[in-house]
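Beneath this line is the structure, given in structure tokens, with notes to follow.
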Amino acid sequence: MFDLLFSLFYLHLMKNTKLSATIDEQIEILKGRGMTLDFDEQKTKDILGDIGYYRLGFYWRSFDLKYSEDTEEEDHKFKEGTHFSTIVELYYLNYELRLLLLRYLHRAEINLRSKIIYRLSRKYKTNPLWFCDKNIMEANYVDKFNNSIYKNIKFWNKPISYHHKKYDEDKYAPAWKTIEFFDFGQTLGLFQNLKFDADRKMVIRDYPEFFKTNHFRTAIRSLIELRNACSHGSVLFDYRGNNTLPYIDGVKYNEKVPKNFDSQLRLLSYFIGKISQNRKKELHEKLNMVFAKFSTNPEIEEIVKNEIGYIHFK
């Protein structure tokens, strides 16, 4: 009886578990699903071995006639005329966009961090540890600061560990050293936990288009999500942010899908423009060049138009 039950369980498991396939088998699967393999066989194998079948699968979903997480793979068929070369081009479009955006997202991150350090350190110039002072910061933030943030900063960053070797009685390094090693999320967390809205308004006084500081927080949170998506290799052409983008005077989001990738680009463009109009122009030119480079392929041009909704910057 036990053997019978085990056998039935094993058959059920095998039926519902996707087994690993060799590269030759992967090629046959793609052919069987109707994809045109327009590279020679060795190049196709090299690409599957380099990028991987599973990762490329994120890029051919748009060409799947009835994509669903619940549909068995053998039931998926590609649209007529789907080319393997198009899938690879779409992968490299995504790759180039990720690298480009990370550069400018990093600029936005550094700029916000620098404003916080300079403006609040000037305001509280007799208090170099203002970032852990309960008269300035929320008490809960201060209580958790050492374990949740500072221990890692001290361990991984030599300037901070050196500071404590030189000044062994200091609990923390001063604000202009410590906050410099905050990541984007930690920088936003610091901003959010300022006790007084007047301090937040002082930090963002260069952004008069934001009527409320919580709108600014939502915008930065959206940039952090986009940065994380770029850092971790997410597919960007069907990217949708989790946050409703805040109203910003003069910023026009995509009307059809307000949270889509094109709208995220408009938000980033706004922040880069606050740093430098030349950098904003540079970002626009580079984005237009990347999209133009890959849109010579009509299949990708359709995705850029319909899924990204990209409107060329002028």
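The values are calculated or read from the model by the stated rules, or taken from the named source; none is laboratory data. What you see is a predicted model, and the numbers here were worked out from it, not measured in a lab. Neighbour counts run over all protein chains shown; Cβ positions are idealised from the backbone, glycine included.
Results, tabulated for the structure shown:
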quantity	calculated
Single condition residue 253 does not satisfy, out of (1) of a type in the set (Ser, Thr, Tyr); (2) in contact with a Ser or Thr (Cβ under 6 Å, 6 or more places away or on another chain); (3) over 22 Å from residue 204 (Cβ atoms)	(3)
Output for region 76-104, where each listed residue is within 14 Å of the chain's Cα centre (by Cα), farther than 30 Å from residue 179 by Cα and touching a residue at least 12 places away in the same chain (Cβ under 8 Å)	94, 96
Output for region 150-182, where each listed residue is touching a residue at least 24 places away in the same chain (Cβ under 8 Å) and not aromatic (Phe, Trp, Tyr)	153, 157, 171, 174, 175, 178, 179, 180
Scan of region 276-314 for residues that are among the basic types (Lys, Arg) and in a loop (DSSP other than H, G, I, E, B), ordered by number	314
Of all residues making up region 233-271, the number that are modelled with pLDDT of 90 or more and farther than 21 Å from residue 90 by Cα	6
Residue within region 52-65 that is modelled with pLDDT under 95, farther than 29 Å from residue 222 by Cα and either assigned to a helix (DSSP H, G or I) or over 21 Å from the mean Cα position of the chain (by Cα) (or both) present	yes
Filtered residue count, region 219-244, keeping only those that are in contact (Cβ under 8 Å) with a residue 24 or more places away in the chain, in a loop (DSSP other than H, G, I, E, B), within 26 Å of residue 192 (Cβ to Cβ) and in contact with a helix residue (DSSP H, G or I) (Cβ under 6 Å, 6 or more places away or on another chain)	2
Scope region 255-309; condition hydroxyl-bearing (Ser, Thr, Tyr) and under 23 Å from residue 84 (Cα atoms); matching residues	295, 296
Qualifying residue in region 204-213 (condition: of a type outside the set (Gly, Ala, Ser) and touching a strand residue (DSSP E or B) at 6+ places or on another chain (Cβ under 8 Å))	no
Which listed residue is touching a Phe, Trp or Tyr at 6+ places or on another chain (Cβ under 9 Å), buried (at least 17 other Cβ atoms within 10 Å of the Cβ) and under 30 Å from residue 290 (Cβ atoms), from 181, 216, 191	216
Residue that is nearest to residue 174 (Cα to Cα), among those in region 105-147 that are surrounded by 14 or more Cβ atoms within 10 Å (Cβ to Cβ), β-branched (Val, Ile, Thr) and free of Cβ contacts under 8 Å to residues at least 12 places away in the same chain	142
Residues of region 232-253 satisfying the condition of being surrounded by 13 or more Cβ atoms within 10 Å (Cβ to Cβ) and of a type in the set (Gly, Ala, Ser)	234, 241
Residue within region 286-305 that is of a type in the set (D, E, K, R), modelled with pLDDT of 85 or more, over 19 Å from residue 89 (Cβ atoms) and over 19 Å from the mean Cα position of the chain (by Cα) present	no
